[in-house]
Amino acid sequence: MMSSRPPQSLQLDANGRLKHFLTTEGLDKTLLTEILDTAESFMEEDGQVVKKAPLLQGCTIANLFFEASTRTRTTFELAAKRLSADVLNININTSSTSKGETLLDMLRNLEAMGSDMFVVRHADSGAANFIAERVTPQVAVINAGDGRHAHPTQAMLDLYTIRKHKGPFEPLTVAIVGDILHSRVARSLLHGLKTLGVGEIRLIGPRTLVPAHFQELGAKIYYRFENGLKDVDVVIMLRLQKERMDSALLPSEDEFYRLYGLTREKLAFAHPNAIVMHPGPINRGVEIESEVADGNRSVILNQVTYGIAVRMAVLSMAAHTRLNTLTARQPSRLEF
Ligand code: CP
């Protein structure tokens with residue numbers, strides 16, 4: 001389902017504002033920083049996310065998750081509700097797609113009901129681009145993860161977490177560990193880390209899961225976990241994406257855990273103040289030890305909380321772009 005058009009011409013309007021959010025690739029530092037700063041404006045001093053804001057009153061957001069999700073789907077729903085939008089959670093399994101209705105026909109029907117935004121997760125890389133190319137001009141599309149391609153809001157909440165806990169990006173060394181090959185999170189995060197000027201990016205994992213061409217994105221590759229972890233400020237563990245592995249890329253999960261599982265002993269190679277992150281869902285005893293996942297260096301659950309604020313930021317920015325476009329075309333019509 002890969003799209004033919006380059007995403008930048010799709011996701012930005014003529015003034016460089018976020019119209020759809022499909023990928024972090026190609027977005028500049030100013031725009032990524034604007035997303036982080038807007039997310040910060042949705043955080044309260046006590047570390048909780050703002051409970052209610054009227055910014056998207058009258059806006060209808062449809063969540064279309066063709067692939068399983070806990071964190072992304074629910075935090076998008078919470079984000080939309082906290083911005084006062086109306087939310088449609090489409091259950092794909094009980095929708096009329098099971099009777100043969102095409103994806104595009106379903107979208108046309110949701111547009112006819114007045115949907116303003118589609119939040120889309122799909123197993124096919126390029127699905128969000130495909131939809132963004134075909135929706136009516138007043139509808140925004142937000143990619144909630146497409147195949148191995150991109151998971152831009154996850155990357156933004158990871159970047160938010162790093163900035164919140166470790167300060168400016170430039171002096172930091174950040175390691176991403178595990179199944180880089182199949183990870184849309186790693187791809188989106190790499191673009192974001194590079195654009196925001198992180199000092200050093202390391203990718204750690206077995207040769208089968210860390211392709212050498214990732215060096216072209218400005219990362220250093222390590223096949224020995226202990227070497228790669230040395231003095232890092234941020235350790236981001238990834239899940240083994242077994243559902244995307246079409247051949248035996250690993251001897252066994254036990255062997256993977258022995259070599260690349262994050263245990264308390266291995267974490268000792270990182271900087272003493274290093275934080276531990278994971279996008280979830282975590283596989284305890286496969287990529288991370290419970291003692292580390294639940295320990296005082298872990299910010300894994302903070303990431304989930306920040307995800308609400310980051311998704312509020314993305315939804316409100318895309319809605320604002322849409323509002324500007326509509327009022328430019330129809331000055332007499334009030335939207336939202
Ligand atoms: N991190 C993430 O995308 O989690 P979910 O699959 O639960 O949404």
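Do we have residue 275 as within 16 Å of the ligand (Cβ to nearest atom) and either under 24 Å from the mean Cα position of the chain (by Cα) or closer than 13 Å to residue 177 by Cβ (or both) here? It would help to see each step written out before you state the result.
On the way: within 16 Å of the ligand (Cβ to nearest atom): no; either under 24 Å from the mean Cα position of the chain (by Cα) or closer than 13 Å to residue 177 by Cβ (or both): yes.
It is false that residue 275 is within 16 Å of the ligand (Cβ to nearest atom) and either under 24 Å from the mean Cα position of the chain (by Cα) or closer than 13 Å to residue 177 by Cβ (or both).
When you look at residue 70, is it surrounded by fewer than 17 Cβ atoms within 10 Å (Cβ to Cβ), assigned by TED's automatic domain parsing to the domain that holds residue 142, touching a residue at least 24 places away in the same chain (Cβ under 8 Å) and among the hydroxyl-bearing types (Ser, Thr, Tyr), yes or no?
Values: surrounded by fewer than 17 Cβ atoms within 10 Å (Cβ to Cβ): yes; assigned by TED's automatic domain parsing to the domain that holds residue 142: yes; touching a residue at least 24 places away in the same chain (Cβ under 8 Å): yes; among the hydroxyl-bearing types (Ser, Thr, Tyr): yes.
Criteria met by residue 70.
Find the residue count for segment 104-130, including only residues that are over 23 Å from the mean Cα position of the chain (by Cα) and either under 21 Å from residue 72 (Cα atoms) or buried (at least 16 other Cβ atoms within 10 Å of the Cβ) (or both). Don't jump to the end; show me each part of the working.
In the first step, residues of segment 104-130 are kept if they are over 23 Å from the mean Cα position of the chain (by Cα); the result is 104-106, 108-114.
Among the residues that remain, those that are also either under 21 Å from residue 72 (Cα atoms) or buried (at least 16 other Cβ atoms within 10 Å of the Cβ) (or both) are: 106, 110-111.
Residues in segment 104-130 being over 23 Å from the mean Cα position of the chain (by Cα) and either under 21 Å from residue 72 (Cα atoms) or buried (at least 16 other Cβ atoms within 10 Å of the Cβ) (or both): 3 in total.
Out of all the residues in segment 155-189, which are open to solvent by less than 10 Å² (accessible area, probe 1.4 Å), under 20 Å from residue 40 (Cα atoms) and either touching a Cys at 6+ places or on another chain (Cβ under 6 Å) or not small (Gly, Ala, Ser) (or both)?
Hits for segment 155-189 are 156, 157, 158, 159, 160, 161, 162, 189.
Quick check: is even one residue across segment 14-25 hydrophobic (A, V, I, L, M, F, W, C), farther than 17 Å from residue 85 by Cβ and open to solvent by 40 Å² or more (accessible area, probe 1.4 Å)?
yes
Does residue 285 satisfy being open to solvent by less than 50 Å² (accessible area, probe 1.4 Å), closer than 25 Å to residue 193 by Cβ and more than 19 Å from the chain's Cα centre (by Cα)? Walk me through it before giving the result.
On the way: open to solvent by less than 50 Å² (accessible area, probe 1.4 Å): yes; closer than 25 Å to residue 193 by Cβ: no; more than 19 Å from the chain's Cα centre (by Cα): yes.
In short, no.
The values are calculated or read from the model by the stated rules, or taken from the named source; none is laboratory data. In this text, all values refer to a predicted model and were calculated from it rather than measured experimentally. For neighbour counting, all protein chains shown are included, and Cβ atoms are generated from backbone atoms with ideal geometry for every residue, glycine included. The protein model used for the area step is the full one, side chains on, heavy atoms only, and it has no ligands, DNA or RNA in it. Shrake-Rupley method; radii C 1.70, N 1.55, O 1.52, S 1.80 Å.
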